[in-house]
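The values are calculated or read from the model by the stated rules, or taken from the named source; none is laboratory data. In this text the structure is predicted, and so the values were computed from the model without any measurement. So basically every Cβ, Gly included, is an ideal-geometry build from the backbone, and we count neighbours across all protein chains shown. Remember, those area values only see protein heavy atoms, side chains included, never the ligands or the DNA or RNA. Shrake-Rupley method; radii C 1.70, N 1.55, O 1.52, S 1.80 Å.
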Amino acid sequence: MLRKPFIAGNWKMNMTAESGAKLIKELAPLVKDANCNVALCVPAILIPAMTQAAKGTNIAIGAENVHWADKGAYTGEISCEQLKEYGVKYAIIGHSERRQYFGETDESVNMRTLAALKNGITPIVCVGETLSEREGGITEKVLDKQLAEGLKGVENVADVVIAYEPVWAIGTGKTATDEQAQETIAYIRKKIGQLFCPKCAEKVIIQYGGSMNAANCKGLMAQSDIDGGLIGGASLKLDFATIVNFDK
Ligand code: PGA
């Protein structure tokens, strides 16, 4: 298999140590025979407890962000070293909520991405257009900039996971159609091919994110360029297992 599917949850600012551990215990037997890689990206404060809860399962624990510096005066931020101490394998970077509410830019996305790669943490780099950008016909232009600037200086692009998350589909219940998601993700792959090399682009895992759920996951995952999902709301419940088992 050229690209092993990858389904990741994004808990955002939800769950507690107690409810999170309970959910992982319930999910574990349901996802144990998955044919895809499985991860849950959780709030930083829950990482130690969720790592413990997921021990011995095929659920990897990821972070929702990571800072670029090794250490230092960056109040409220978390370093790669701190994540590695708990065996964290993935970090979401540049989620649209970070870009929208916390001033994340393509430049800071790039610095975080390079730091993660240097430390052996797989960055899940989020890109996507807003509704007005799509309606204004500039989706490709927006993606071009996010990809070129966000991935600048990356040596092996196949080490990066891309999450295409149209901002208008996140948490809105308004999923992109299978065709829209496929078309845009194919475009992203083509663009990565131009920025790096076409062969490398074939190896990059590109997820779809934005109101992906138990009902629509099969159709999305059947698209040739869609390699997985970044799941928000539906990762807070057992529906996540249904998505992980999309091929059964
Ligand atoms: P959603 O969130 O599935 O709740 O739309 C996806 C995301 O923001 O990663």
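Sort out for me the strands (runs of 3 or more DSSP E) sitting completely within segment 7-117 that have 1 or more residues that are among the small types (Gly, Ala, Ser) and over 25 Å from Gln146 (Cα atoms). Result: 59-63. Contact map, segment 101-118: residues that are over 16 Å from Glu64 (Cβ atoms) paired with residues that are basic (Lys, Arg), Cβ distance under 8 Å, separation 6+ or inter-chain. Pairs shown: Thr105/Arg99; Asp106/Lys145; Asn110/Lys152. Got at least one residue in segment 18-26 being closer than 22 Å to Val161 by Cα, hydrophobic (A, V, I, L, M, F, W, C) and at pLDDT 95 or above? Within segment 18-26, none of the residues are closer than 22 Å to Val161 by Cα, hydrophobic (A, V, I, L, M, F, W, C) and at pLDDT 95 or above. Within segment 118-160, being among the aliphatic types (A, V, I, L, M) and touching a Ser or Thr at 6+ places or on another chain (Cβ under 6 Å) holds for one residue alone: Val125.
Going by what's in this entry, would Asp225 be described as open to solvent by 10 Å² or more (accessible area, probe 1.4 Å), within 14 Å of the chain's Cα centre (by Cα) and touching a residue at least 12 places away in the same chain (Cβ under 8 Å)? Considered against the rule, which asks whether it is open to solvent by 10 Å² or more (accessible area, probe 1.4 Å), within 14 Å of the chain's Cα centre (by Cα) and touching a residue at least 12 places away in the same chain (Cβ under 8 Å), Asp225 comes out as no.
Considering only segment 76-110, how many residues are away from the ligand (no atom under 16 Å from the Cβ), open to solvent by 70 Å² or more (accessible area, probe 1.4 Å) and at negative phi? Qualifying residue count for the region: 7. For segment 145-160, filtering for residues that are under 14 Å from the mean Cα position of the chain (by Cα) and open to solvent by 10 Å² or more (accessible area, probe 1.4 Å) leaves 1. Against the list (1) out of contact with any Asp or Glu (no Cβ under 8 Å at 6 or more places or on another chain); (2) more than 14 Å from the ligand (Cβ to nearest atom); (3) closer than 24 Å to Ile93 by Cβ; (4) part of a helix (DSSP H, G or I), the condition Lys191 fails is (1). Taking segment 161-188 as the range and being buried (at least 16 other Cβ atoms within 10 Å of the Cβ), within 14 Å of the ligand (Cβ to nearest atom) and free of Cβ contacts under 8 Å to residues at least 60 places away in the same chain as the test, the residues that pass are Ile162, Tyr164, Pro166, Trp168, Ala169, Thr175, Ala176, Ala181.
Every residue, every condition in (1) within 16 Å of the ligand (Cβ to nearest atom); (2) open to solvent by 10 Å² or more (accessible area, probe 1.4 Å); (3) farther than 27 Å from Lys248 by Cα, yes or no:
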site	(1), (2), (3)
Arg3	no, yes, no
Met15	yes, yes, yes
Pro43	yes, yes, yes
Ala49	no, yes, yes
Gly62	yes, no, no
Tyr74	no, yes, yes
